[in-house]
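A.B. asks: Handing you this structure, nothing more for now.
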Amino acid sequence: MIQVESLNKRFGNIHAVRDVSLKIHPGQIFGLLGPNGAGKSTSISMMTGLIDADSGSVSLSGLKPQSKEARHKIGLIPQSIALYEELTATDNLSFFASLYDIPKNQLQSRMDWALDFVGLKDRATDRVSGFSGGMKRRLNLAASLLHDPDFIFMDEPTAGVDPQSRNKLFDNVLELKELGKTIIYTTHYMEEAQKLCDQVGIIDHGELLALGTVGELLKQHGGDTQVSISSDRGVKEFKSSDVSNDLIQALQTSDKVYDISVNSPDLEAVFLNLTGRQLRD
Amino acid sequence: MNKIVALMKKDIKLLFRDKMAVFFTFVFPLVFAFIFGSIFSGDGGGSKALKVAVVDLDQTEQSQQFVKSIEEADEFTVTLTSEEKAKDLVRRGKRVAYFILPEGFGEDYKGVFSGSPPEILVGIDPSRTAEAGYLEGSLMKLGINRFEQAFSNPAAMTEQLDASIAQIEESDDIPQEWKSLLNDYLPKMKELTELDMGSEEGFGFGDDGEANPMMPLKVTKQEEVVQRSGPKNAFSITIPQGVIWAIMGCVIGFAISLVQEKTLGTMNRLIVAPISRTQIVAGKALGCFTAQIAVVALLFLVAYFILGVRFNFPKLVLAAVASGVCFVGLMMFFASLAKTERSVAGITNAFLLMMGMVGGAMIPLFVMPGWMQAISNFSPVKWAIVAFEGAIWRNFSYTEMMTPVLILVSIGVVAFILGTRMVKLEEA
C-alpha cells in the first residue's frame, strides 16, 4: 500500500503541493488528474523519493521511498523520454538493468520480456534515435519494468503519442494491473483516467480537490445529466438526476419524438464543478 | 563498484556513438599535433642559418675582419659575446656552437708563408657531428679569404714576404735544405710580386697541417656538452598540446552529458534506482577519467611509434593521472554551473579556450613573452602541459614532477568538491 500524509512542497513563492494525503491499495490503478502545473509531477517526485517533501510523509509498504529497499520496488516512467537515443534498445535496457542487481542469468530473459511486453522485440538492436515517438514511449515504459517493481509511477505516459501506441500503452497498464502491480498514473486527459483508473484524485494548484472512484466523483461532483428532446412540440432541454423517470414523463407528453440526447457528466464536468474552469484551460 | 563501472561503460559507449565527439576527442588532437609538429620541424622552408656565438679575444684588425666575415656569411647567425656567456649559451642549447678567436689569431692570420695557421676554437656538443662538419667546412671557406687578400694586395704580399724571409733566417727549426730552397725561392717570389704579378702555385710544407701556414685555418674543436633542456623533436611539443585539446574535448563532452542526463530525464531514473548519488557522480567522473586516459594512451602510442617521440613512461603515467584528476574536477564544476547543454557548452568552451590560450595549448609555453608566461601560471592547462613535457623532454626528476602534479591534483580536488556540492542532480 502507498500511504501519503500531508505532503507539502514549495518552490520559492509557489506552493506546488499543499497538504496532499491519499491511500492507494495494492493492485489498484490510481489516477492523478489535473491540468499542467497542477502539482502532479511534483507529487510523484516526492512519492518516488526524487525530491524531498518540505513536510509530510510517504510510505511504500512501510518503507521510505529513499530507502534502498523501496527503490527496488519503484518503477518510474518519467514524463520525458528518459533514454539514451544513441544507444540501441537493448543497450538502454541492459544499462538500466545493471543498476538493479538483476542476476546475470535472469537479465536476458527480463529484457526479452520487457521488449515483448511493449511490442518492441523486433527492434531490440535498433538505435532509439530511429524510433517513433510512440515507440520511444513504450521503451520508456519497458526500461522501468526490468526489475519487476511493485509500484509503478507513470508520469503522463501518453504525452505526444500516436493513437496506436496509446492503445498499446493502455493495454500494458491494464496487463500490469492484472500482474498485481500498483500503478500511479498522472494525466490531464480525463478519458484516460476514466478508462483506466480504479481511483482518481483531482488536483489543482497543488491541492487534492477530490478523491474517489470515477463513479463516486461523478455522483458527488459531476452534477445532473443534461437531457435534450426534440419533438413535435419543439426542443426541450433539462437537467436530470433521474434520467429514466424524467425521460418517460417527457415522452408521454409528446406525439412525435425526433431526437433524444442524454449527456451524462464526466470527469471534465467534475473538474469544472470543483474549480470553475475547464480541465484544459 | 559494478554500478559505477556500468555508468562509466555507458558513457564511453555514448562517446563512441557520437562521431563528432570521437573526431574532436581522438582525431583532431592527432591532426593538430601532426600539422604543427611538421611546421615546427622546419619542413616549412625557413632559414637554415646556424646560430653561433663568437668571441674575439684577439681584438686585432685581422680578427675583427674575420668576425665580420662570419657575420656576413649566410651560414651563420652571429651573437658576439664573452667567452663565458658563449659557453653558457651552447651548454643551454641556445646556440649550436661558439667560435673563439684566441690571442695571436691576427698574427697567424697574416702569416701566409710562415708561422702557424690561425687557430679558431669551436665549442660544440659532441653528439652534433653533422653540424660540426658543416661548421668546419664553412669556417675553412672563410679562412681561404686570407690567401685571396694576401695575393690580391702586392704591397701587403711584399711586406709579408719580407717578414717571412726574416723569420726563416732566424728560425732554427727549419731544416737547412729547406732554408736554402726558401731563401732562393722567396726573394724571387718577392721580385715577381713587385712586378705586380701573383702566384697560385702550392708550397711544399708536407702533411703536417699544424705547422703548415698554407692551411686556411686551424680549427680546434672543444666539446661542450649541451644540458638537454630543449625538445629533441618538434612533436615533443605538439603532442602535449594535442593531448590538452583531447582532454578539453573530453571535459566539454562529459560536462554536457551530465547536464543532458538532467534535461533528458535519465538522471531521474538513476536517482530513483538503488544507487547512491555518490555512485552516480563517481560513475560520471570515472567515465571522463577513462576517456582521458584512453586518449592520452592513443596519442602517445602514435607519438612513440610514428612520430619518434620518446618519453619516461612512469612520469607520463603520473602526468596523465594528475591531469585526469584535474580535468575531471573541472568537468564536474562546469556541469554544476549550468542547467542546459547550451549553457554548459558555452561556459566550458569559453573557460577552457581561454585557459588553453594562456596555458600553452596553442603557442608553446617557451616561446611566450615573459608576462604571458607569468599569467599562464594560473591556467591548469599550463601545468598539464608542463607535466607532460616533464615526462618527455624537460627531463624532470620525480621531485620536479611533483610541482605540476600537485597543482593539477589540488585544482581537480577543489573543483570536484565544489562541483559535487553545487550540482543538483534532481534538477530535471
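A.B. asks: Here are B:GLN292, B:GLN241: which of them is in contact with a Phe, Trp or Tyr (Cβ under 9 Å, 6 or more places away or on another chain), surrounded by 20 or more Cβ atoms within 10 Å (Cβ to Cβ), free of Cβ contacts under 8 Å to residues at least 60 places away in the same chain and away from every other protein chain (no Cβ under 14 Å)?
C.D. replies: B:GLN292
A.B. asks: Which of the helices (runs of 4 or more DSSP H) contained wholly in region B:335-428 include at least 2 residues that are out of contact with any helix residue (DSSP H, G or I) (no Cβ under 8 Å at 6 or more places or on another chain) and either in the same structural domain as B:VAL317 (by TED's automatic domain parsing) or at pLDDT 85 or above (or both)?
C.D. replies: B:341-359, B:370-376, B:398-422
A.B. asks: Can you tell me which residue is modelled with the highest pLDDT among those in region B:9-38 that are more than 11 Å from chain A (Cβ to nearest Cβ) and in contact with a Ser or Thr (Cβ under 9 Å, 6 or more places away or on another chain)?
C.D. replies: Per the stated criteria, the residue is B:ILE12.
A.B. asks: I'd like to verify a number: residues in region B:264-321 that are over 23 Å from B:ALA391 (Cβ atoms) and either in a loop (DSSP other than H, G, I, E, B) or hydrophobic (A, V, I, L, M, F, W, C) (or both), how many?
C.D. replies: Residues that pass the stated criteria total 15.
A.B. asks: When you check A:ASN167 against the structure, is it among the polar types (S, T, N, Q) and free of Cβ contacts under 8 Å to residues at least 12 places away in the same chain, yes or no?
C.D. replies: For A:ASN167, the condition - among the polar types (S, T, N, Q) and free of Cβ contacts under 8 Å to residues at least 12 places away in the same chain - is met.
A.B. asks: Hey, any hits in region A:149-169 for a residue that's surrounded by fewer than 18 Cβ atoms within 10 Å (Cβ to Cβ), among the polar types (S, T, N, Q) and more than 11 Å from every other protein chain (Cβ to nearest Cβ)?
C.D. replies: yes
A.B. asks: Go through (1) at the interface with chain B (Cβ under 9 Å from one of its Cβ atoms); (2) surrounded by fewer than 23 Cβ atoms within 10 Å (Cβ to Cβ) one by one and return the number of the condition A:PHE96 breaks.
C.D. replies: (2)
A.B. asks: Within region A:177-260, considering only strands (runs of 3 or more DSSP E) that don't extend past its boundaries, which have at least 3 residues that are surrounded by 13 or more Cβ atoms within 10 Å (Cβ to Cβ) and among the hydrophobic types (A, V, I, L, M, F, W, C)?
C.D. replies: On the way: elements: A:182-187, A:199-204, A:207-212, A:225-231, A:234-240.
Here the list reads A:199-204, A:207-212.
A.B. asks: Could you list, in sequence order, all residues of region B:56-78 that are part of a loop (DSSP other than H, G, I, E, B) and polar (S, T, N, Q)?
C.D. replies: B:GLN59, B:THR60
A.B. asks: Determine if region A:105-117 includes at least one residue that is within 14 Å of another protein chain (Cβ to nearest Cβ) and of a type in the set (Lys, Arg).
C.D. replies: Checked region A:105-117: no residue is within 14 Å of another protein chain (Cβ to nearest Cβ) and of a type in the set (Lys, Arg).
A.B. asks: Right, something else. Can you tell me which residue in region A:23-76 is surrounded by the fewest Cβ atoms within 10 Å (Cβ to Cβ), limited to those that are at the interface with chain B (Cβ under 9 Å from one of its Cβ atoms) and in contact with a Pro (Cβ under 6 Å, 6 or more places away or on another chain)?
C.D. replies: A:LYS68
A.B. asks: State whether one or more residues within region A:268-276 are under 30 Å from A:PRO26 (Cβ atoms) and either modelled with pLDDT of 90 or more or buried (at least 20 other Cβ atoms within 10 Å of the Cβ) (or both).
C.D. replies: yes
The values are calculated or read from the model by the stated rules, or taken from the named source; none is laboratory data. Model, not experiment: these values are computed from the prediction. Ideal geometry is used to build each Cβ from the backbone, glycine not excepted, and the neighbour counts take in all protein chains shown.
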